[in-house]
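The values are calculated or read from the model by the stated rules, or taken from the named source; none is laboratory data. What you see is a predicted model, and the numbers here were worked out from it, not measured in a lab. Quick reminder, even Gly has a Cβ in these numbers, built from the backbone with ideal geometry, and neighbours come from all protein chains shown. These area figures cover heavy atoms from the full protein model, side chains too; ligands, DNA and RNA do not enter into them. Shrake-Rupley method; radii C 1.70, N 1.55, O 1.52, S 1.80 Å.
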Amino acid sequence: KVDTHLKNVREIQATKSAFAALREDGRVVTWGNPMCGGDSKKVQNQLRNVLAIHATEDAFAAIRADGSIVTWGYQYDADCGHIDF
């Protein structure tokens, strides 16, 4: 359940049908439509030490403390913001 992980939330961002919550411990919790960033399983191990999250209509980007960027969300159109390396 998502609600058990939504404690000490510092920031929430949303795409058109998904949410990402940044917790005080630098972890990110996502929920909603998987095609729009609600499913972050593929990048969850990288969503640590996050300083900020930003959203487009269909994708999220997280800025980590080491300066790296992690993206997830709609993967079929780079115009939406997701970059799959």
query = Among the trypsin sites (Lys or Arg not before Pro) within the range 1-43, which fall in a DSSP loop and have no more than 15 other Cβ atoms within 10 Å of their own Cβ?
reply = K1, K7, K16, R27
message = Below 8 Å between Cα atoms, with a sequence gap of 6+, how large is the relative contact order for the chain in percent?
response = 22 percent
task = Mind checking the per residue accessible area of the chain for me, 1.4 Å probe, whole number of Å²?
result = 61 Å²
